[in-house]
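Report on the following structure.
FYI, it's all coordinate maths here, none of it is from the lab. Since this is a predicted model, take the numbers as computed values, not measurements. With ideal geometry, Cβ positions are generated from the backbone for all residues, glycine too; neighbour counts draw on all protein chains shown.
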Amino acid sequence: MGIPEKIKAIQDEIHKTQINKATEHHIGLLKAKIAKLKREQEKTQSKKSGISTEGFDVRKTGDATVVFIGLPSVGKSTLLNKITGSRSAVAAYQFTTLTVVPGILDYRGARIQVLDLPGIIEGASKGKGLGKRILSVARSADLVILILDVFQPYHEAVLRTELNNIGIRLDQKPPNITIEKASTGGIAIAQQTKLVSLSEKLLKEILHLYGMTSARVVIREDITSEQLVDYITGDKSYAQSITILNKIDLVDPKFVKEVQAKVKSEVIPVSADSGINIDLVKEKIYEKLDFIRLYMRPKGGETDYKEPLIIRRNSTIEDVCNKLHRSMRKEFRYGLVWGKSVKFGGQRVGLQHVLEDEDVLTIIKSR
């Protein structure tokens, strides 16, 4: 029996099983087995296909990266042109964009890279069309913008499913747990919070399924079996999302309200063609990326309050070094910080120090 047949057999078993408290453990373990098989299937297909990713390898630049995801002809290219001034090809037929088209949004001191991706279709995560090559670009994005046609709002579910299938978790955070493998001693679980969604027995069985017989597990929040598998496999990415309802200039306000009520997410109604709510989109992008300002002070010099360095919240000094120059990390000796993140002004800190909004930083290099 091949991997696809094994997956189908387990899925059939899940469908036949009545979901209740007594079967939670069994279903959770079955889902973990499916996730493991799908991962094995993905590795096998990647080796066999040998598909080129030319045209889809985009170097990250700017303070953050945003990607547009949508089905063909929803207006992604027009929206990119409106908010960045790029010149992405626009036409009234499907699959106009065949490669990734980058643009830069300069907004409130931040330089935000925006990527217009080719339209995807249902089944993209399984390789239909250019699906996997397109979706793989979104894995490194800080923000995913789902673009819907006002006449086809139900496609949001398709987009979220395809992204989830390829390992992109929208509007979620990585599970707050730690698993340290050990050579002996079995599975030791330290719970800092009560587990409700996952029993200790199921947790141990899933670890055994992935070949872990001895490990120290620290649980800091209630997690599901799916989140545990995500952590174990370590191949998931997490990003915030915004849902945009485009082409509202083609319908009346009442129709827009009715459509908004049908979409599960909070949506921004726009018209890329007519320029309606474009400024609102820019502001929402900035808000979602959660930027903070950092003021640099050269050693023995004055703080530059005119041009702050824009960084993401929870950035460390190491992140700042990597942003400033590729050699900065190697030359770093220590940092001096003034602001909310330290107990006193001029406090000496290391690379892992987390900065806060409007901190002042001096980087001292090795002699």
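Amide H to amide H, with H built 1.01 Å from N, residue 169 comes under 5 Å of 237, 238, 239, counting only residues 5 or more places away or on other chains. Close amide H contacts of residue 242 (hydrogens built in the peptide plane, cut-off under 5 Å, sequence separation of 5 or more or a different chain): 144, 145, 146.
Highest average first, the peptides 21-33, 67-79 ordered by how many other beta carbon atoms sit within 10 Å of their residues are 67-79, 21-33. Calculated FRET efficiency, residue 165 and residue 304, Cβ-Cβ r, R0 35 Å, to nearest 0.05? According to the calculation, E is roughly 0.15. Think of the range 292-365 as having a plus end and a minus end, set by charges on the Cβ of Lys, Arg, Asp and Glu; of 314, 349, 298, 349 sits farthest toward the positive end of this dipole. Converting phi to 3J(HN,Hα) with the Karplus coefficients 6.51, -1.76 and 1.60 and the offset θ = phi - 60°, the range 18-28 yields 6, 7, 7, 4, 6, 9, 4, 4, 4, 5, x Hz in sequence order, with x at every glycine or proline. In this structure, the residue pairs whose Cα-Cα separation is over 18 Å, taken from 6/31; 43/132; 38/60; 31/264; 36/236; 173/288, are 38/60; 31/264.
A Cβ-based charge dipole, computed about the Cα centre of the chain with Lys and Arg at +1 and Asp and Glu at -1, lands at about 1140 debye. Contact order for the chain, expressed relative to its length and based on alpha carbon pairs under 8 Å spaced 6+ residues apart, stands at 13 percent. Only one residue of 197, 110, 86 has its Cα farthest out toward the positive end of the dipole of the chain, where Lys and Arg carry +1 and Asp and Glu -1 on Cβ, and that residue is 197.
Extending 7 Å from the Cα toward the beta-carbon at both residue 189 and residue 201 defines two label points whose distance is 1.1 nm. Each peptide among 6-18, 236-248, 326-338, 301-313 gets the average number of other Cβ atoms lying within 10 Å of its residues, and from highest to lowest they stand as 236-248, 326-338, 301-313, 6-18. Under 5 Å from the amide H of residue 334 lie the amide H atoms of 364, each residue being 5 or more positions distant or on a separate chain, with H modelled from the backbone and absent for Pro and chain starts. The Kirkwood radius of the chain, taken over pairs of alpha-carbon atoms, gives through the Stokes-Einstein law at 4 °C and 1.567 mPa s a diffusion coefficient of 55 µm² s⁻¹. Projected label points at residue 37 and residue 222, each 7 Å from Cα along the beta carbon direction, are separated by 3.0 nanometres. Check cross-link reach from residue 330 to the aspartates and glutamates: straight Cα distance under 17 Å, and skip same-chain residues fewer than eight apart. Answer for residue 330, where 17 Å is the Cα cut-off: 318, 319, listed by chain and number. Here the simple spin-label model places points 7 Å from the Cα toward Cβ, and for residue 44 and residue 276 these points are separated by 5.0 nm. With a/c under 1.5 counting as rounded, go ahead and sort the range 266-355 into rounded, prolate or oblate using the C-alpha gyration tensor (a ≥ b ≥ c being the square roots of the eigenvalues; past the cut-off, prolate if a/b is larger than b/c, else oblate). Prolate, since a/c reaches 1.5 and a/b exceeds b/c. Relative contact order, whole percent, for the range 292-365 stands at 40, derived from Cα pairs under 8 Å and 6 or more residues apart.
GNM on the chain, alpha-carbon springs under 10 angstrom: the most fluctuating residue among 139, 169, 108 is 108.
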